[in-house]
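Nothing in this text is a laboratory measurement; each read-out follows from the coordinates by a stated rule. Please read all numbers here as calculations on a predicted model, not as lab measurements. Here Cβ is always computed from backbone atoms with ideal geometry, including for glycine, and neighbour counts include all displayed protein chains.
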Amino acid sequence: MSRLLDLEHFVPFRLNRLAGEISRRLSFVYGERFGIDIPQWRVIVTLGDGRNARAQDIANHTRMHKSSVSRAVSRLIARGLVERSSNDLDRREAPLQLTAEGERIFAELAPVVLDFEQCFLEGLEIGDRRSLQLLLDRLERKLGIGDT
């Protein structure tokens, strides 16, 4: 009997597994050093470089569930890394931003995660890296996601 679906060669499964493993390994890097988890990391980097965003914007950008974003934001606010602008009508609509301490952590975090990315990709030739970026861009465009 032939198999209709070979999961080990099914691209969506492989991409999901790869992304999950990269995320898990990267979380060791920033988790140990900065004491943050994956959802907190995603909030911090989304707000990095002085950007402001609503919790819903972060959820849409990172593809995290809004309850995960809400919990991460609450923990980051409690730690003094994120602050919420006032919106008396609806707290969910209030823009979030990094505090000075959050910006300091982001500034330390960015080179650390970029080094991780460099190490992860160093087994690929320069041309393969460019091809990978182009292929990711195309796939994201096809799905209507990403900044491309």
Margin query: Test of understanding: ordering His65, His9 by Cβ neighbours within 10 Å, fewest first, what list do you get?
Written below: His9, His65
Checklist line | Proxy reagent accessibility, fewest Cβ within 10 Å first, across Ser85, Ser68 | finding: Ser85, Ser68
Notebook entry, point to check: How much length is gained on full extension from Arg3 to Ile22, taking 0.36 nm per residue of separation minus their Cα-Cα distance?
Noted result: 3.9 nm
Check: Exactly which GluC sites (Glu not before Pro) in the range 101-148 are in a DSSP loop and have at most 15 other Cβ atoms within 10 Å?
Finding: Glu122, Glu125
Notebook entry, point to check: Expressed in whole Å with the largest first, what are the equivalent ellipsoid semi-axes of the range 7-143 derived from the C-alpha gyration tensor as the square root of 5 times each eigenvalue?
Noted result: 29, 18, 14
Margin query: Under the rule of at least 5 residues apart or a separate chain, name every residue whose amide H is placed under 5 Å from the amide H of Val82.
Written below: Ile77, Thr99
Next item on the list: Please tell me the relative contact order of the chain in percent, rounded to the nearest whole number, where contacts are Cα pairs under 8 Å and at least six residues apart.
Entry: 19 percent
